[in-house]
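Q: Before we start, here is the structure in question, set down as structure tokens.
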């Protein structure tokens, strides 16, 4: 079963006035779900649009085609997304650069939504090490992953850690900020990964903006029900504005280190 976890290296809080939308799990009307994520250095952007299914339905979420989507890059150039079928849309010729704000506006079956995301500067990983932890009476054998990097001073930074084992994303939703550690050299442990000798492991450190951080923070809290106090069950806090309130549009810069377990 996929585990969800929030890495908290500082006390985290969200204002009680943040909007969290509740959904009737029994028979809620289908709602649009809009998701798009742009990496620094990428020349294209994929967008996914689906509809929610009844909570008790075994059918896959319906995919939505026919949307009109405009994407504006950090240089102020607007491009239209091309529908690729199966609820997927593609924007090509993207000028993806850190330090810029990117905007999406979509008309999906008459529902209008838009969102903006700021792409932070890249924070480089300094080192990644692996430590084998033998099995105990309370846990299976596993590896502890240690990653280290220098946090930039004088700016509030938000991070997400992605772990890939043999090319597949594994583990937890792991997000944190540097609210109490600005400018510090951070050494962060990750636990519970099933890694064997010969596995190729990639650790990616993503720098995200505040809105994307809130989205994943509340998503992890809702799924695990073990997140920071004061966050009511519901849907993740989104940066989408308008008629569509499920999903998010995010941008991120990233650095990674890949190694083979010896």
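Q: Could you please find all residues in the range 158-170 being farther than 19 Å from residue 40 by Cβ and part of a strand (DSSP E or B)? Even if it seems obvious, please write down each step before you answer.
A: Initial filter on the range 158-170 (farther than 19 Å from residue 40 by Cβ): 163, 165-168, 170.
If the condition is that a residue be farther than 19 Å from residue 40 by Cβ and part of a strand (DSSP E or B), then 163, 165, 168, 170 are the ones that fit.
Q: Something else about it: When you scan the range 190-202, how many residues do you find that are closer than 14 Å to residue 131 by Cβ and at pLDDT 95 or above?
A: So the first thing to find is which residues in the range 190-202 are closer than 14 Å to residue 131 by Cβ, and the list is 190-193, 195, 197, 201.
Next, from what is left, pick out any that are at pLDDT 95 or above: 201.
Selection size over the range 190-202: 1.
Q: Within the range 85-157, which strands (runs of 3 or more DSSP E) (wholly inside it) include 3 or more residues that are under 22 Å from residue 45 (Cβ atoms)?
A: Values: elements: 88-92, 101-108, 111-118, 125-133, 142-150.
Fully inside the range 85-157 and qualifying: 88-92, 101-108, 111-118.
Q: Please work out if residue 239 is closer than 30 Å to residue 50 by Cα, under 14 Å from the mean Cα position of the chain (by Cα), touching a residue at least 24 places away in the same chain (Cβ under 8 Å) and part of a loop (DSSP other than H, G, I, E, B). It would help to see each step written out before you state the result.
A: Details: closer than 30 Å to residue 50 by Cα: yes; under 14 Å from the mean Cα position of the chain (by Cα): yes; touching a residue at least 24 places away in the same chain (Cβ under 8 Å): yes; part of a loop (DSSP other than H, G, I, E, B): yes.
Against the criterion (closer than 30 Å to residue 50 by Cα, under 14 Å from the mean Cα position of the chain (by Cα), touching a residue at least 24 places away in the same chain (Cβ under 8 Å) and part of a loop (DSSP other than H, G, I, E, B)), residue 239 qualifies.
Q: Which of the following residues is farther than 15 Å from residue 249 by Cβ, touching a strand residue (DSSP E or B) at 6+ places or on another chain (Cβ under 6 Å), modelled with pLDDT of 95 or more and surrounded by 17 or more Cβ atoms within 10 Å (Cβ to Cβ): 64, 108? Steps first, answer last, please.
A: Numbers: 108 fails: farther than 15 Å from residue 249 by Cβ.
Answer to the check: 64.
Q: Name the residue that is modelled with the lowest pLDDT, counting only residues in the range 171-189 that are farther than 18 Å from residue 259 by Cβ and in a strand (DSSP E or B). Steps first, answer last, please.
A: To start, the set of residues in the range 171-189 that are farther than 18 Å from residue 259 by Cβ comprises 172-186.
If we keep only those that are in a strand (DSSP E or B) as well, we get 172-177, 185-186.
Numbers: 172: 82, 173: 91, 174: 94, 175: 96, 176: 96, 177: 97, 185: 98, 186: 97.
In this case the residue turns out to be 172.
Q: Further, regarding this structure: Within 30 Å of residue 71 (Cβ to Cβ) and either surrounded by fewer than 17 Cβ atoms within 10 Å (Cβ to Cβ) or out of contact with any helix residue (DSSP H, G or I) (no Cβ under 6 Å at 6 or more places or on another chain) (or both) - does that describe any residue in the range 133-146? Outline the logic, then answer.
A: Quick first cut of the range 133-146, residues within 30 Å of residue 71 (Cβ to Cβ) only: none.
The answer is no; no qualifying residue exists.
The values are calculated or read from the model by the stated rules, or taken from the named source; none is laboratory data. Bear in mind that the values here come from a model prediction, so they are computed numbers and not experimental data. Ideal geometry is used to build each Cβ from the backbone, glycine not excepted, and the neighbour counts take in all protein chains shown.
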